[in-house]
Amino acid sequence: MGAKVITVTSGKGGVGKTTTTANLAVALASLGYKVTCMDSDIGLRNLDVVLGLENRIVYDLVDVVEGRCRIRQAMIKDKKFPELYLIPAAQTRDKSAVSPSDMIRLCEELKPEMDWIIIDSPAGIERGFKNAIAPADVILVITNPEVSAVRDADRIIGLIEAEQKGPAHLIINRLNPALVKKGDMLTAEDVVNLLAVDLLGIVPEDENVVASTNRGTPIVLDAHSKAGQAFMNIAKRLNGEEIPLMNLEGKGNIFSIFGKRTK
Amino acid sequence: MSDQTKLTVKGIGDRLLFTCRGTTWDECWQAIERYITEHADFLKNAKIIIDVRDVAVGSSELSCASEYCQQHQITISAVYSTNSETKQSAALLGIPTQHAEKEAASANKLSNQAMDKAVLIHRSLRSGTLVDEACDVVIFGDVHAGVTVRSDRNIIIWGKLMGEAHAGRSGDTSAVVCALELTPTGLKIAGIPLDSAKRKPKEPEVAVLDENTVKIIPWKKITY
């Protein structure tokens, strides 16, 4: 059986697509799966930085598409997990260097060798987004509990449905329980009600994420971090396990909803 | 049928109207694509209207066409069609399905026809969708923020209205906007806007025009 292709997208920039991609890739690799993550944000690559692999880049996605190297040559092996690979984006080109059919072809080539292929989509709804969703089996939409991010997520979900790639699965990132309690932030239930899609997970706000991102060691490797635990739970749900949503306030489960099985 | 006979192109104001006579979208698109390739320089920065008559066009097909046009710096400003699938595909991509000029040209005919017709939409509309109709619009689902619904007649929403609605756009002051939960980002009747104020409705309501002011009243008090 070939790999499952997951695309992580959002519409709005800065909501945590790359952080989510890196953490899910590391989480699935730590569960023993063969994972390749692909940065499709051509011209603005940073998945390599978040994974701490920026010094190892020789070839990139555009080199593969334009035939300057084989796909295996562009795959950078992770330092900790031998079955985790990164295909970086080109930094000196733009989104038009790759087409949706190129992305489908690359994923088809990788599928027999991998268990999971995770694609980090650029922000926006233009060519880069279309490239990223073209080969997807599952699309994860990331949003923050902010009205502007939710509005963009709604637009993206509509486009995913229009491309007949739905239903999308939702991840709410950077939820701050203290602000929610004060009524200063949308609740997870508000976001789910507004977007009317399956909720796959909630990642709480955690200042350690910034530090881990800068160090190039995804937070999912920190067993004491709630954000890391949330990413691990999402990876397990993607894998078909039924894991209840975390208690973000420290007492029991605050939601009765369970994450959906997707595999 | 050759490509020339499948496609006619004529200017309408600052736009070009592409009228397709193919029986399938593949035939129509083949003719349009060839025309664009042959007249790439002439069409640079052009706004075009594609009239596919009753041909069904899927949203992914229309999306590909739109992308191809963008690559040639061409904007699809409207899609004319009598096919409901095509209209829905265009609406999903935020492309108008009608145009004011076309409506104005046959205003009387349209208004008479519109009296007897309604467009039914059986799904929630997500941000970026544009519904633009001459007849009544009935939506079984929510209208999310970032959606615009325009009609020359009434707009009836069996769900929440969180986006923008403009009923009676051509001046019909008797047009109404109804929703189970009326919390629009913008609402107009016959061009007159509702004074916006954050609302928390507890029951289905109707927006009506009363003495040049848009008022919102509970659904149950309406009598026809």
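Considering only helices (runs of 4 or more DSSP H) fully contained in the range A:35-99, which possess at least 2 residues that are in contact (Cβ under 8 Å) with a residue 24 or more places away in the chain and under 21 Å from the mean Cα position of the chain (by Cα)?
Numbers: elements: A:47-50, A:61-65, A:71-74.
Those helices (runs of 4 or more DSSP H) span A:47-50, A:61-65.
Given the conditions (1) modelled with pLDDT of 85 or more; (2) in a helix (DSSP H, G or I), which single one is not true for B:GLU101?
(1)
I'd like to check something: does the range A:140-154 contain any residue that is surrounded by fewer than 21 Cβ atoms within 10 Å (Cβ to Cβ), away from chain B (no Cβ under 13 Å), among the β-branched types (Val, Ile, Thr) and out of contact with any Phe, Trp or Tyr (no Cβ under 8 Å at 6 or more places or on another chain)?
Within the range A:140-154, none of the residues are surrounded by fewer than 21 Cβ atoms within 10 Å (Cβ to Cβ), away from chain B (no Cβ under 13 Å), among the β-branched types (Val, Ile, Thr) and out of contact with any Phe, Trp or Tyr (no Cβ under 8 Å at 6 or more places or on another chain).
How many residues, within the range A:1-15, are crowded, with 24+ Cβ neighbours inside 10 Å, of a type outside the set (Val, Ile, Thr) and in contact with a strand residue (DSSP E or B) (Cβ under 7 Å, 6 or more places away or on another chain)?
Of the residues in that region, 1 qualify.
Quick check, is B:GLN71 at negative phi, away from chain A (no Cβ under 14 Å) and of a type outside the set (D, E, K, R)?
Judged against the criteria, B:GLN71 is not a match.
Give the residues of the range B:125-181 that are among the charged types (D, E, K, R), outside any loop (DSSP other than H, G, I, E, B) and more than 11 Å from chain A (Cβ to nearest Cβ), sorted by residue number. Write out each step before concluding.
Filtering the range B:125-181 down to residues among the charged types (D, E, K, R) leaves B:126, B:132-133, B:136, B:142, B:150, B:152-153, B:160, B:164, B:169, B:172, B:181.
When the remaining residues are screened for being outside any loop (DSSP other than H, G, I, E, B), the result is B:132-133, B:136, B:150, B:160, B:164, B:181.
B:ASP132, B:GLU133, B:ASP136, B:ARG150, B:GLU164, B:GLU181, listed by residue number.
From the residues in the range A:160-191 that are free of Cβ contacts under 8 Å to residues at least 24 places away in the same chain, under 18 Å from A:THR9 (Cα atoms) and not in a loop (DSSP other than H, G, I, E, B), which one is nearest to the other protein chains (Cβ to nearest Cβ)?
A:ALA162
Name the single residue that is farthest from the other protein chains (Cβ to nearest Cβ) among those in the range B:57-68 being of a type in the set (A, V, I, L, M, F, W, C) and out of contact with any Ser or Thr (no Cβ under 6 Å at 6 or more places or on another chain).
B:ALA65
I'm checking my understanding of the structure. Among residues of the range B:1-15 that are under 13 Å from B:CYS28 (Cα atoms) and not β-branched (Val, Ile, Thr), which one is modelled with the highest pLDDT? Quick ask: steps written out before the conclusion?
Residues of the range B:1-15 that are under 13 Å from B:CYS28 (Cα atoms), as a first pass: B:1-9.
Subsequent filtering for residues that are not β-branched (Val, Ile, Thr) retains B:1-4, B:6-7.
Working: B:MET1: 52, B:SER2: 57, B:ASP3: 56, B:GLN4: 57, B:LYS6: 78, B:LEU7: 86.
My answer is B:LEU7.
Being more than 12 Å from A:SER121 (Cβ to Cβ) and either touching a residue at least 60 places away in the same chain (Cβ under 8 Å) or touching a Gly at 6+ places or on another chain (Cβ under 7 Å) (or both) is the filter here, so list the residues in the range A:17-30 that pass it.
A:THR19, A:ALA22, A:ASN23, A:LEU24, A:ALA25, A:VAL26, A:ALA27, A:LEU28, A:SER30 - these are the residues of the range A:17-30 that are more than 12 Å from A:SER121 (Cβ to Cβ) and either touching a residue at least 60 places away in the same chain (Cβ under 8 Å) or touching a Gly at 6+ places or on another chain (Cβ under 7 Å) (or both).
Name the residues in the range B:126-172 that are acidic (Asp, Glu) and over 20 Å from B:ARG199 (Cα atoms), would you?
Selection gives B:ASP132, B:GLU133, B:ASP136, B:ASP152, B:ASP172.
The values are calculated or read from the model by the stated rules, or taken from the named source; none is laboratory data. These numbers come from a predicted model, not from an experiment. All Cβ positions, glycine included, derive from the backbone under ideal geometry; neighbour counts span all protein chains shown.
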